[in-house]
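Here is the structure we will look at, set down as structure tokens.
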Amino acid sequence: MDDLDLLDELGKGAYGTVRKVRHTKTRVEMAMKEIRLELDDSKLNGIIMELDILHRASAPEIVEFYGAFFYESCVYYCMEFMDAGSLEDLYDGQCSVPEDVLARIVGCTVRGLRFLKDNLQIMHRDVKPTNIVLNRKGEVKLCDFGVSGQLEKSLAKTNIGCQSYMAPERIKGESQNLLGTYTVASDVWSLGLSIVETTMGTYPYPPETYSNVFAQLQAIVHGDPPQIPGDYYSSTARDFVAGCLEKVPAKRSTYKQMLEHPWLLQDKERGPDGVDMQGWIKVAIERREVRREKERSQVKIEGK
Ligand code: ADP
């Protein structure tokens, strides 16, 4: 911790804060995630050792890992700083992401997930818009994947929140205490839900429309899956998303099927410079600044 200058707060997650920091010796700027865990030192050490596998997780669609340490019952995890923030920070209302940009983001995410599965033999376990991060160069990467079993176990209890991206089979499994009833197909559901959220500009099962969390989870398990707005996005895009949001996991698309789906094939054909990612990200960041400025002045007015 002594080697780091603490800079801005980048965001708050369910378990702690993400901060921008600078490594004083190398001047490298990083994003540092703090995870507060009331565990003894040997358990914390176990987590740090398990996180070490991340040094091998090198792929264009995965945020680079710089290292982790623990300090006063918190695990600190340092990773590549992505200067555009997360997908959740960038979408802005319904249909704010053009279809070619969306397909590029999804293509990167699918390749990232396939890398984790094929090269590290892990599932992500927490696919959602805050864990898909972007930079001004137009790169899209995954962060926050479940690499440490110890860490997962310590966090699991608080995991069913008011905004669940869990697949129906995973919700059913957790409610019956059946661990391990879900597989990599559950990540595919979470990806589908994240795509729908990005196109609608809001989480598809809004908590305020349900009387309680139980009713909301029931809707995920028993209701029809959500869809993307058809009047703006193509039928190819809708078909892709429907494949991710199949209720029965065995019917859900696999990574191979997704990468061979016409929607992602079209994206591949557009080539590296065929989608103006930098242009869209620049506009999305400007819109975010306006939003945040409005929020700040609202807080000031309310405070008076
Ligand atoms: P959650 O617990 O909801 O997954 P996180 O704690 O992972 O949230 O992240 C909270 C926020 O921190 C994100 O929405 C994003 O704005 C920011 N963030 C996370 N990782 C990075 C990163 N590598 N670079 C820049 N910002 C990040």
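Counting only Cα atoms, the stretch 168-304 measures 52, 45, 28 Å along its principal axes, largest extent leading. For the stretch 248-260, putting each phi into the Karplus relation 6.51 cos²θ - 1.76 cosθ + 1.60 with θ = phi - 60° gives couplings of 8, x, 5, 8, 5, 4, 8, 4, 4, 4, 5, 5, 9 Hz, in residue order, rounded to whole numbers and with x for Gly and Pro.
Under 19 Å of direct C-alpha separation, and excluding same-chain neighbours fewer than eight residues apart, Lys294 reaches these aspartates and glutamates: Glu9, Glu88, Asp89, Asp92, Glu286, Glu302. Note on the chain: Kirkwood radius taken over Cα pairs, Stokes-Einstein applied at 4 °C and 1.567 mPa s, translational D equal to 64 µm² s⁻¹. Indicate the gyration tensor shape class of the stretch 4-80 (rounded, prolate or oblate), computed on the Cα atoms with a ≥ b ≥ c the square roots of the eigenvalues: a/c under 1.5 is rounded; otherwise a/b larger than b/c is prolate and the rest oblate. Oblate.
On full extension, the segment bounded by Asp231 and Arg36 gains 65.8 nm, given 0.36 nm per residue less the C-alpha separation. The mean sequence distance of close C-alpha pairs (under 8 Å, at least 6 residues apart), as a share of the length of the stretch 1-113, puts its relative contact order at 20 percent. The calculated FRET efficiency for Asn45 paired with Leu259, based on their beta-carbon distance and R0 = 51 Å, is about 0.85. The alpha-carbon of Lys251 sits under 20 angstrom from the alpha-carbons of these lysines, leaving out residues fewer than 8 places away in its chain: Lys117, Lys172. When only Cα pairs below 8 angstrom with a gap of at least 6 residues are kept, the stretch 85-281 shows a relative contact order of 28 percent.
Within the stretch 254-296, what residues put their amide N at less than 13 Å from the label point 7 Å along the Cα-to-Cβ vector of Asp118? Under cut-off, by backbone N: 255-260. Site pair Val213 and Arg136 shows an inter-label distance of 3.9 nm when each label is modelled 7 Å from Cα along Cα→Cβ.
Based on DSSP H assignment, which helices of the chain show an axial Cα extent of at least 20 Å together with a mean Kyte-Doolittle hydropathy greater than or equal to -1.0?
In the chain, the long hydrophobic H runs are 99-120, 184-200.
Simple spin-label estimate for Ala250 and Gln94 gives 3.8 nm between the two label positions (7 Å along the Cα-to-Cβ direction from each Cα). For Val28 and Ile53, what is the calculated FRET efficiency with R₀ set at 22 Å and r taken between the beta-carbons, to the nearest 0.05? About 0.55, to the nearest 0.05. Averaging Cα coordinates gives a centre for the stretch 81-130 and one for the stretch 257-282; these two points are 13 Å apart. For the chain, give the percent of accessible area contributed by carbon and sulfur heavy atoms, probe 1.4 Å, rounded to a whole number. About 50 percent, which is the carbon plus sulfur part of the accessible surface. Residues of the stretch 225-256 falling in the label zone of Thr183, defined by backbone nitrogen less than 17 Å from a point 7 Å along Cα to beta-carbon, are 244-256. Using only side-chain charges placed at the Cβ, +1 for Lys and Arg and -1 for Asp and Glu, the dipole size of the stretch 208-304 relative to its Cα centre rounds to 360 debye.
A 1.4 Å probe run over the protein chains yields, for the stretch 85-281, 45 Å² of accessible area per residue, whole-number rounding. Return, ordered by residue number, the residues of the stretch 55-76 whose backbone nitrogen is under 16 Å from a label point located 7 Å along Cα→Cβ of Thr17. In the stretch 55-76, the label zone of Thr17 (backbone N under 16 Å from the point 7 Å along Cα→Cβ) covers 71-76. Cross-link candidates for Lys43: which lysines have Cα within less than 19 Å, leaving aside residues fewer than 8 places away along the same chain? The reachable lysines, counting only those whose Cα sits under 19 Å from Lys43, are Lys33, Lys153, Lys157.
The values are calculated or read from the model by the stated rules, or taken from the named source; none is laboratory data. Quick caveat: nothing in here was measured; it's all calculated off a predicted structure. Every residue, glycine as well, gets a Cβ built from its backbone with ideal geometry; the counts of neighbours run over all protein chains shown. Heads up: the accessible areas ignore ligands, DNA and RNA and are worked out on the full protein's heavy atoms, side chains in. Shrake-Rupley method; radii C 1.70, N 1.55, O 1.52, S 1.80 Å.
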